[in-house]
Every structure is written in C-alpha cells, then in structure tokens.
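Structure first, then comments.
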C-alpha cells in the first residue's frame, strides 16, 4: 500500500502508548515506578502546593465515586501521616483500575519528573519516530500529542529519549483536560484550540475507540499496528505499521 500523502494535512496529532512509544515502557517501567514511589513521594512533598492540590482533587474524586456506589478505601483525616497513607492507598486503588482521573495523572507526572531528573527514567520512542518528526517538521507540519498522561509526563518522555530532546518538533501537548479520548467533543475542542478545521488533522492511534471519536469529529485517521505485518482490520481506518507509511 502506498504511503499516506501528507500534503492535505496541516496537523499530525499523535497518541503515545502503542503509537510513538512501546506499551511495555508505560506498563512495565512508568506505572510500576509511580506505584512504588507514591507513598514516599507524598511524604517528602506533602507541603508542596501542587501536590496538595492533586491530593484535594483525589478526595473530591473519591467522594464522587462513593456517591456513584463505589467502595474505595477509607480516607482517614486528622494528621499528615494518616492523610498521606490514605492518599497513597486511594492512589493505588485507582491505579489498579487504570483510572484516567486528572489528579492521579498529575501525581504520576510529578513522580516521573523526579525520576527523570534523577536519571532513573529515560523516555522511549520507536526507532522511526525521531526521523518522522524531523521529516514532518521539514514539511511544515504541526506535530501535536494527545494522551491520557499529564502534559508534564508527555513533555518529560519526549525530552529524554536516546535520540535527544524531541520536544523541539512538538507544537503542543493535550491531556484529558480537553476531554476523554473516546469522546468526539475532545477532538473538536483540540481543533478549536489550534484554530484549524478538523479535516486538516491526521490522528494516529493504536485504539479504535479513539480513532472512531476523531473521525466523528471530522479528522482523518490511521490505526497504528506496531510489531505485526500483513492485513490487519482497521474498522474503516487506514492501517499503518510505522511512521514511514506517512510520506
């Protein structure tokens, strides 16, 4: 199949997990690092305003889950120690459910920032990504990222790859503050924020629900299927196996 002609496209919007970055890096490196570091990170940074705001957000989210009939762990108030322990327990509970709630993503991003700064973490991307970013930049395309991870977490990942700082090629980063990724309204919002009609976007993701939402909003789409070859069903979306398929 011939490469996708990028000429009609002004903005290439990219998912991260399974699209630019191996899923294994997210689930076997980033998530375990955040989980094992959470409680100690909260203890060390309990007075930090950004951490306190995220913890407050966790409590509010927990209250909403209780109203919805969920049974999260108890939250014991009274001392910093009890609240730290409660926040950690609830954070782990959310992680077990792969929650996309904003306050949890903020805390994960802050934990990863510490890990990157200490050299314990280093961003990973597929080998074709740096060359594709260079190529698209030369073509005058805008590269943007849309992921459920926080904007901070996204920036850190692309700034610390073995190929160097790739953020110089990325115009902007979107997280779930614009909406959830399976909601067409999120993609309409992104188009509005970038002041570009949706049909000038090409959205690349490994998740059909996200691609369906972007297509409903008017964007062009392609399903990224890494690590396999041959015919893969794309449910009406163009299927690519690497970014070399985008000219």
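The values are calculated or read from the model by the stated rules, or taken from the named source; none is laboratory data. Note that the structure is a prediction, hence the values are computed from the model and not measured. Positions of Cβ are generated from backbone atoms using ideal geometry, with glycine treated the same way; all protein chains shown enter the neighbour counts.
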Subject >> Among (1) crowded, with 21+ Cβ neighbours inside 10 Å; (2) outside the structural domain of residue 40 (by TED's automatic domain parsing), the one test that residue 151 misses >> reply: (1)
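Say whether the condition of being crowded, with 18+ Cβ neighbours inside 10 Å, assigned to a helix (DSSP H, G or I), touching a helix residue (DSSP H, G or I) at 6+ places or on another chain (Cβ under 8 Å) and touching a residue at least 12 places away in the same chain (Cβ under 8 Å) is met by at least one residue in the range 199-210.
At the first step, the residues of the range 199-210 found to be crowded, with 18+ Cβ neighbours inside 10 Å are 201-205, 210.
The next check asks that each one be assigned to a helix (DSSP H, G or I); those that pass are 210.
Okay, now just the ones that are also touching a helix residue (DSSP H, G or I) at 6+ places or on another chain (Cβ under 8 Å), so none.
No, there is no match, as no residue in the range 199-210 is crowded, with 18+ Cβ neighbours inside 10 Å, assigned to a helix (DSSP H, G or I), touching a helix residue (DSSP H, G or I) at 6+ places or on another chain (Cβ under 8 Å) and touching a residue at least 12 places away in the same chain (Cβ under 8 Å).
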Subject >> Test result for residue 226, free of Cβ contacts under 8 Å to residues at least 24 places away in the same chain and surrounded by fewer than 19 Cβ atoms within 10 Å (Cβ to Cβ) >> reply: no
**OP:** Could you check how many residues of the range 73-90 are surrounded by 17 or more Cβ atoms within 10 Å (Cβ to Cβ) and within 13 Å of residue 56 (Cβ to Cβ)?
**Re:** 5
**OP:** Would you be able to tell me the number of residues in the range 1-24 that are more than 11 Å from the chain's Cα centre (by Cα), part of a strand (DSSP E or B) and modelled with pLDDT of 95 or more?
**Re:** 3
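Kindly establish whether residue 191 is in the same structural domain as residue 135 (by TED's automatic domain parsing), in contact (Cβ under 8 Å) with a residue 24 or more places away in the chain and crowded, with 17+ Cβ neighbours inside 10 Å.
Details: in the same structural domain as residue 135 (by TED's automatic domain parsing): yes; in contact (Cβ under 8 Å) with a residue 24 or more places away in the chain: yes; crowded, with 17+ Cβ neighbours inside 10 Å: yes.
For residue 191, the condition - in the same structural domain as residue 135 (by TED's automatic domain parsing), in contact (Cβ under 8 Å) with a residue 24 or more places away in the chain and crowded, with 17+ Cβ neighbours inside 10 Å - is met.
Out of all the residues in the range 106-130, which are touching a residue at least 40 places away in the same chain (Cβ under 8 Å) and assigned to a helix (DSSP H, G or I)?
Of the range 106-130, the ones touching a residue at least 40 places away in the same chain (Cβ under 8 Å) are 106-116, 120-126, 128-129.
Residues satisfying the conditions are 106, 107, 108, 109, 110, 111, 112, 113, 114, 115, 116, 129.
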